[in-house]
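Below you will find the structure I want to go over with you.
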Amino acid sequence: MSVRHINPEGLHRNPGFSQAVVVERPAKTIYIGGQNGVGPDGKVVGDTVAEQAGQALRNLATVLESEGAGLANIVHWTIAVVDGHALDDGFAAFQKAWDPADPPPAITVHVVAGLGPGFLVEIDAVAVV
Amino acid sequence: MSVRHINPEGLHRNPGFSQAVVVERPAKTIYIGGQNGVGPDGKVVGDTVAEQAGQALRNLATVLESEGAGLANIVHWTIAVVDGHALDDGFAAFQKAWDPADPPPAITVHVVAGLGPGFLVEIDAVAVV
Amino acid sequence: MSVRHINPEGLHRNPGFSQAVVVERPAKTIYIGGQNGVGPDGKVVGDTVAEQAGQALRNLATVLESEGAGLANIVHWTIAVVDGHALDDGFAAFQKAWDPADPPPAITVHVVAGLGPGFLVEIDAVAVV
């Protein structure tokens, strides 16, 4: 397998994401559904984006670890935050969970009108191994 | 090809979706654009999420059948519902269309401010065969 | 590699998108994060959807050209426009950037409550080469 995180000349650079990720010959591709700030009991863990994003990231890690992978295998993710809540708090949760030695995924960020009941943030992802 | 629907230990389980789907050696990957409640004539079929979601699911099935596949081949889908309309009605439409013997796809659900004119729900999908 | 843009019988046809795109044996798959109307200096280029969509499309082209590809290699894209701004202006920008001889990608369009600060439109994409 080959995975290259690219930031071509002529595009702005940001430490929080790669402009694109190029994948060749993946052994497997993992499509992870939107993860929320939900614990193993199905309950929402808190009422802030920071708490919920932290839990959503732990859920993503749990999925990936079950396949012998980790957050660093994510090539693209979409982060949806409910309108009126701070995107920055989600970014702070990312910085806590992410090893800065790993090149970050390509990212899409939408501020949405809502999510499922009680959810403030949802993160889905494609990962390759 | 190999497709595994996974629900790792430590994550909440829900009959409506899989936490992730792992794909190895797909013969083909089908990227299906957002399907709406639009009939063959291009007209919106009704003004409820239930009607529109039912038609969007039929459109997804039509796309997949043209490739010798079906809804069960979907590995991830994103469902967008316009703010103020019930997510539950979309879920009921899914339950009607989905064979409960098939493990469900990974899912992302966003409540959006709007969609194209007259649309209340949009479903895009990635399927593998 | 094989890429087929399909518009099965029974679905409405629209010159602006394909209903689905079928990919077999891609040499590489490029996951491009959400591109905005941001220039090389990281600044937003204008305060209209038309200007920002034009720049986002140029950014997508820059990413693809760095991999020996072009817009025609996009198989699916998601276009998010902030509520209150005209989708049509984004479509006009697409028509300027897109070679009508190329079959268009599968498309998802969401009207969102917001995007990052100052952004009116965001386009992410999956491309195959």
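What follows is calculated from the coordinates using simple rules that are stated; it is not laboratory data. For clarity, every value in this text was computed on a predicted model and none was experimentally measured. All Cβ positions, even for glycine, are placed from backbone atoms using ideal geometry, and neighbour counts span all protein chains on display.
Being crowded, with 24+ Cβ neighbours inside 10 Å and over 10 Å from the mean Cα position of the chain (by Cα) narrows it down to one residue among C:120, C:115; which is it?
Of C:120, C:115, the one residue that is crowded, with 24+ Cβ neighbours inside 10 Å and over 10 Å from the mean Cα position of the chain (by Cα) is C:120.
So in the range B:38-56, with the set limited to residues that are part of a loop (DSSP other than H, G, I, E, B) and in contact with a strand residue (DSSP E or B) (Cβ under 9 Å, 6 or more places away or on another chain), which one is nearest to the other protein chains (Cβ to nearest Cβ)?
First pass over the range B:38-56, keeping only residues part of a loop (DSSP other than H, G, I, E, B): B:39-43, B:45-48.
The next check asks that each one be in contact with a strand residue (DSSP E or B) (Cβ under 9 Å, 6 or more places away or on another chain); those that pass are B:42, B:45.
Numbers: B:42: 4, B:45: 11 Å.
Per the criteria, the residue is B:42.
I'd like to verify a number: residues in the range B:2-11 that are among the aliphatic types (A, V, I, L, M) and part of a strand (DSSP E or B), how many?
Total satisfying the criteria: 2.
While we're looking at this one, here's another question. Looking only at the range C:57-99, filter to residues that are assigned to a loop (DSSP other than H, G, I, E, B) and without any contact (Cβ under 8 Å) to a residue 24 or more places away in the chain; which one of those is surrounded by the fewest Cβ atoms within 10 Å (Cβ to Cβ)?
Ranking the candidates gives C:84 first.
For residue C:80, only one of the following conditions fails: (1) over 14 Å from the mean Cα position of the chain (by Cα); (2) within 14 Å of chain B (Cβ to nearest Cβ). What is its number?
Among (1) over 14 Å from the mean Cα position of the chain (by Cα); (2) within 14 Å of chain B (Cβ to nearest Cβ), residue C:80 violates only (1).
Continuing with the same structure: Could you go through the range B:12-27 and let me know if any residue there is within 12 Å of chain C (Cβ to nearest Cβ), out of contact with any Ser or Thr (no Cβ under 8 Å at 6 or more places or on another chain), assigned to a strand (DSSP E or B) and farther than 12 Å from residue B:105 by Cβ.
No, because not a single residue in the range B:12-27 is within 12 Å of chain C (Cβ to nearest Cβ), out of contact with any Ser or Thr (no Cβ under 8 Å at 6 or more places or on another chain), assigned to a strand (DSSP E or B) and farther than 12 Å from residue B:105 by Cβ.
Among (1) under 25 Å from residue C:25 (Cβ atoms); (2) out of contact with any helix residue (DSSP H, G or I) (no Cβ under 7 Å at 6 or more places or on another chain); (3) surrounded by fewer than 18 Cβ atoms within 10 Å (Cβ to Cβ); (4) not aliphatic (A, V, I, L, M), where does residue C:102 come up short?
It is condition (2) that residue C:102 fails.
Next question. Which count do you get for residues in the range B:28-37 that are at the interface with chain C (Cβ under 7 Å from one of its Cβ atoms) and either in a loop (DSSP other than H, G, I, E, B) or among the charged types (D, E, K, R) (or both)?
Of the residues in the range B:28-37, 1 are at the interface with chain C (Cβ under 7 Å from one of its Cβ atoms) and either in a loop (DSSP other than H, G, I, E, B) or among the charged types (D, E, K, R) (or both).
Within the range C:15-56, which residues are free of Cβ contacts under 8 Å to residues at least 40 places away in the same chain and of a type in the set (D, E, K, R)?
Within the range C:15-56, C:24, C:25, C:41, C:43, C:51 qualify.
In the range A:100-129, what residues are part of a strand (DSSP E or B) and more than 7 Å from every other protein chain (Cβ to nearest Cβ)?
Within the range A:100-129, A:121, A:123, A:125, A:127, A:128 qualify.
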